[in-house]
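For reference, the structure discussed in these notes is given below.
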Amino acid sequence: MGTYAEQHRNSLSDPEGYWGRQAERVEWDTKPTRVLDRSRDPIFRWFPDGVLNTCHNALDRHVAAGRGEQAALIHHSAITGARETFTYTALRDRVAKLAGALRALGVEAGDRVVIYMPMIPEAVMAMLATARLGAVHSVVFGGFAPAELAVRIDDARPKVVLSASCGLEGQRIIEYKPMLDRALDLAEHKPEACMIVQREQAVADLTEGRDLDFAHAMDEAVPVDPVPVAATDPLYILYTSGTTGKPKGVVRDNGGHAVAMCFAMEEIYDVGPGQVLFTASDVGWVVGHSFIVYGPLLAGATTVLFEGKPVGTPDAGAFWRVVSEHGVRALFTAPTAMRAIRKVDPGGELVGEYDLSSLKTLFLAGERLDPDTYEWAADKLAVPVIDNWWQTETGWPIASNMRGMEPMPVKPGSPTVPVPGYDVRVLDPEGADVPAGSEGAIAIRLPMPPGTLAGIWGDEDRYVRSYLDTYPGFYLTGDGGYIDEDGYVFVMGRTDDVINVAGHRLSTGSMEQVLASHPAVAESAVIGVADALKGQIPRGFVVLKSGVDSSADEVIAELVQAVRDEIGAVAALRRIDVVDALPKTRSGKILRKTMREIADGGQGSVPSTIEDPQVIENLRGVLSGQRES
Ligand code: COA
Ligand code: AMP
């Protein structure tokens with residue numbers, strides 16, 4: 001296949017030839033005769049006449065190939081102590097039955113199923129069972145509040161919702177079912193049924209006529225076979241934060257995704273059949289979709305589904321325990337998790353207590369990997385630490401060290417080089433390439449490779465407007481950075497109002513909307529500021545309406561609670577300051593970038609168009625950490 005450089009070049013000069021060969025990795029019901037449909041440029045479709053089923057490729061195919069007795073899924077709960085292993089045959093049988101239960105509720109190819117579940121095996125089964133029917137799942141992260149779940153239900157319009165009685169967050173039991181009930185009250189769209197996994201830690205009340213007990217429905221279900229679908233049919237919708245309050249439903253197709261996952265597992269992550277991948281994320285995020293569920297199973301590997309936290313469940317050795325117990329070859333998580341472990345166990349004493357000889361690589365993604373965290377992890381684990389940069393939209397890495405193809409020297413602070421298929425460019429505001437080493441907007445020349453987003457659910461215009469209009473012929477990543485003279489990519493951070501809190505992508509715009517809807521608030525701004533543990537955390541600033549009776553502290557407490565109630569605990573907005581005014585340009589645009597720069601310890605570039613320079617001077621004390629007296 002050639003070196004990285006040859007492959008990257010070929011993938012760009014002849015995408016049809018390159019990805020046509022990669023498509024051999026997948027078992028097709030009908031092999032595609034065409035690789036790329038360019039007829040609707042800038043909208044591209046991979047493998048337009050291919051037919052396949054993703055669940056068949058993830059399960060049945062491996063059983064047929066004689067891997068039925070191999071472990072497919074290991075559930076490891078650091079909270080309950082549970083360990084449960086499902087072989088490929090066992091997982092296939094459970095998924096086939098669950099697909100039967102969904103079909104009995106009327107779910108057919110193309111219908112949507114929303115999944116709001118904690119890290120239990122049924123969550124993985126739910127995704128695969130939906131895919132088996134050719135239906136479309138949308139997993140909503142458990143840390144989102146009912147209002148956010150309701151927005152997603154209204155957009156995806158599911159026939160069925162799958163959920164559980166509760167999730168376990170450290171020592172706390174988070175009841176999911178009351179949140180689902182509340183979301184269904186708020187949503188205009190009413191699904192026909194809900195299937196609820198009853199966990200022993202909390203038993204949920206079921207609504208007669210709408211809710212079914214998962215175990216009971218499974219008992220009665222008749223297994224079904226995979227339903228072949230077009231490669232271009234949607235496999236899932238995953239909502240992600242944009243710059244506005246309304247989340248974007250990123251659509252992933254079946255065929256391109258399966259090809260990309262198989263390619264990434266071998267060429268990037270270097271994990272193959274029978275080897276164990278432990279991705280410590282959540283099925284509600286793209287990392288969970290791609291590398292807890294689909295990637296490892298499509299590759300015939302074993303995946304670990306971990307319920308717990310990097311620290312406190314019960315200690316900072318939780319990840320190392322998983323690695324040694326299950327012979328993990330590659331561990332994948334977010335830099336925040338490493339920072340959390342380091343904070344508790346700076347000397348890495350717990351690392352030394354476990355046999356980590358199976359571990360070949362640590363992969364980190366989801367947020368910028370700061371060189372300090374990189375050095376610590378590389379030193380303590382003594383394995384290559386590989387940063388990889390990507391997004392919900394792309395579904396798999398844009399830039400990485402290609403561990404399976406050609407391992408390369410690591411430069412701390414860089415996720416290494418563009419992955420084959422991605423023509424990564426750094427552009428100036430006019431759309432011209434900047435010289436090596438100069439910063440600009442990171443964009444990807446179209447077409448992007450298979451597996452990247454097919455569009456925004458129900459809103460093709462929004463896809464074009466948000467990503468493709470700024471630089472014609474390019475996909476705008478929303479990240480800024482540079483490429484050095486060796487071709488290494490450095491991603492410095494978002495250029496929009498998206499922030500990354502503990503590897504969780506959040507919109508400051510949606511938090512501002514919550515603050516602005518409080519009756520005492522005249523104006524508000526939310527910015528992301530640097531945080532030693534979580535990478536970034538949100539900070540809010542509000543101007544109160546004149547004549548507000550309540551004290552500033554009361555309003556602040558209500559605002560913190562409102563963000564928690566409306567968006568979810570995961571938003572983690574704890575610090576809000578009441579200020580006299582927000583800095584603005586003369587045309588009324590809030591100077592969030594200047595505020596961010598000052599909060600991060602800089603001087604802050606103050607544009608000449610500022611309305612009242614005194615406002616920024618007044619804010620400096622508050623922004624740099626001290627509270628206004
Ligand atoms: N269901 C319900 N609530 C959840 C949740 C879930 N699935 N996930 C998080 N929350 C809650 C947390 O309990 C916390 O609530 P609190 O404010 O009442 O304490 C809140 O959301 C914020 O969560 P988080 O930002 O994760 O902070 P934390 O203090 O609980 O944990 C870390 C800190 C570093 C241990 C944790 O963020 C972590 O493991 N990060 C790794 C990042 C990761 O996996 N990213 C996924 C993309 S790769
Ligand atoms: P998400 O869609 O939740 O995966 O978040 C994607 C965003 O996270 C990207 O646009 C980046 O801003 C950031 N991100 C993810 N991985 C990295 C990385 N390795 N380095 C820098 N930023 C990253």
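The values are calculated or read from the model by the stated rules, or taken from the named source; none is laboratory data. Because the structure is predicted, anything quoted here is derived from the model rather than measured. We place every Cβ from the backbone using ideal geometry, glycine too, and count neighbours over all the protein chains shown. Accessible surface areas use protein heavy atoms only, side chains included; no ligands, DNA or RNA. Shrake-Rupley method; radii C 1.70, N 1.55, O 1.52, S 1.80 Å.
For R425, are the conditions met, namely being in contact (Cβ under 8 Å) with a residue 40 or more places away in the chain and away from ligand 1 (no atom under 16 Å from the Cβ)? Judged against the criteria, R425 is a match.
Output the residues belonging to the range 496-543 that are small (G, A, S), within 14 Å of ligand 2 (Cβ to nearest atom) and open to solvent by 10 Å² or more (accessible area, probe 1.4 Å). Reasoning before the result, please.
Taking the range 496-543 and keeping what is small (G, A, S), we get 502-503, 507, 509-510, 516-517, 520, 522, 524-525, 528, 530, 532, 535, 540.
Those still in the list that are within 14 Å of ligand 2 (Cβ to nearest atom) too: 502-503, 507, 528, 530, 535.
Listed by number, the residues that qualify are A502, G503, A530, G535.
Inspection of the range 313-327 finds no residue satisfying the criterion of being open to solvent by less than 20 Å² (accessible area, probe 1.4 Å) and within 16 Å of ligand 2 (Cβ to nearest atom). None of G493, G451 is at positive phi, within 13 Å of ligand 2 (Cβ to nearest atom), of a type outside the set (K, R) and touching a residue at least 60 places away in the same chain (Cβ under 8 Å) except G493. Applying the set (1) on the phi < 0 side of the Ramachandran plot; (2) within 16 Å of ligand 1 (Cβ to nearest atom); (3) touching a residue at least 24 places away in the same chain (Cβ under 8 Å) to G170 leaves exactly one unmet item: (1). With respect to V311, determine if the residue is in contact with a strand residue (DSSP E or B) (Cβ under 7 Å, 6 or more places away or on another chain) and not assigned by TED's automatic domain parsing to the domain that holds R61. No: the conditions fail for V311. Considered as a group, the residues in the range 427-475 that are open to solvent by 60 Å² or more (accessible area, probe 1.4 Å) and of a type in the set (G, A, S) include one that is nearest to A156 (Cα to Cα), and that residue is G458.
When the range 136-163 is filtered for residues that are among the β-branched types (V, I, T) and touching a residue at least 60 places away in the same chain (Cβ under 8 Å), the ones remaining, listed by number, are V136, V139, V140, V151. Mind checking whether some residue in the range 223-242 is closer than 17 Å to Q391 by Cα, buried (at least 23 other Cβ atoms within 10 Å of the Cβ) and of a type outside the set (S, T, Y)? Looking through the range 223-242, at least one residue is closer than 17 Å to Q391 by Cα, buried (at least 23 other Cβ atoms within 10 Å of the Cβ) and of a type outside the set (S, T, Y).
So R38 clears everything in (1) outside any helix (DSSP H, G or I); (2) buried (at least 22 other Cβ atoms within 10 Å of the Cβ); (3) of a type in the set (K, R) except one condition, right? Which one? In the conditions (1) outside any helix (DSSP H, G or I); (2) buried (at least 22 other Cβ atoms within 10 Å of the Cβ); (3) of a type in the set (K, R), R38 misses (2) alone. One residue stands out among those in the range 324-368 that are within 15 Å of T279 (Cα to Cα) and aromatic (F, W, Y): the one that is farthest from ligand 1 (Cβ to nearest atom), which is F363.
Residues are listed down the side, and each one gets a yes or a no for (1) charged (D, E, K, R); (2) more than 16 Å from ligand 1 (Cβ to nearest atom):
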position: D370; (1), (2): yes, no
position: W390; (1), (2): no, no
position: M402; (1), (2): no, yes
position: G413; (1), (2): no, yes
position: E430; (1), (2): yes, yes
position: A436; (1), (2): no, yes
position: E439; (1), (2): yes, yes
position: I444; (1), (2): no, yes
position: E460; (1), (2): yes, yes
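Among the residues of the range 568-600, those that are touching a residue at least 24 places away in the same chain (Cβ under 8 Å) and assigned to a loop (DSSP other than H, G, I, E, B) comprise G568, A572, L573, R574, V579, D580, A581, L582, P583, R586, L591, D600. Scanning the range 347-376 for residues that are without any contact (Cβ under 8 Å) to a residue 60 or more places away in the chain, within 20 Å of H326 (Cβ to Cβ) and either open to solvent by 60 Å² or more (accessible area, probe 1.4 Å) or not aromatic (F, W, Y) (or both) yields L350, V351, G352, E353, D355, L356, S357, L359, L362, L364. Which of the residues belonging to the range 392-412 are within 13 Å of ligand 2 (Cβ to nearest atom), open to solvent by less than 10 Å² (accessible area, probe 1.4 Å) and not charged (D, E, K, R)? Scanning the range 392-412 gives T394, G395, W396, P397, I398, A399, S400, N401.
Being more than 12 Å from ligand 2 (Cβ to nearest atom) and in contact with a Phe, Trp or Tyr (Cβ under 9 Å, 6 or more places away or on another chain) is the filter; apply it to the range 476-487 and report the residue that is nearest to D565 (Cα to Cα).
Taking the range 476-487 and keeping what is more than 12 Å from ligand 2 (Cβ to nearest atom), we get 482-487.
Next, only the ones that are in contact with a Phe, Trp or Tyr (Cβ under 9 Å, 6 or more places away or on another chain) stay: 482-484.
Numbers: Y482: 38, I483: 41, D484: 44 Å.
Once the filter is applied, the top-ranked residue is Y482.
Out of the range 481-525, which residues are more than 16 Å from ligand 1 (Cβ to nearest atom) and in a strand (DSSP E or B)?
First, the residues of the range 481-525 that are more than 16 Å from ligand 1 (Cβ to nearest atom): 481-490, 492-493, 495-497, 509, 512-513, 515-525.
Scanning the range 481-525 gives G481, Y482, I483, V489, F490, M492, G493, V521, A522, E523, S524, A525.
If you go through the range 252-281 and keep only what is open to solvent by 10 Å² or more (accessible area, probe 1.4 Å), outside any helix (DSSP H, G or I) and of a type in the set (A, V, I, L, M, F, W, C), you end up with V276, A280.
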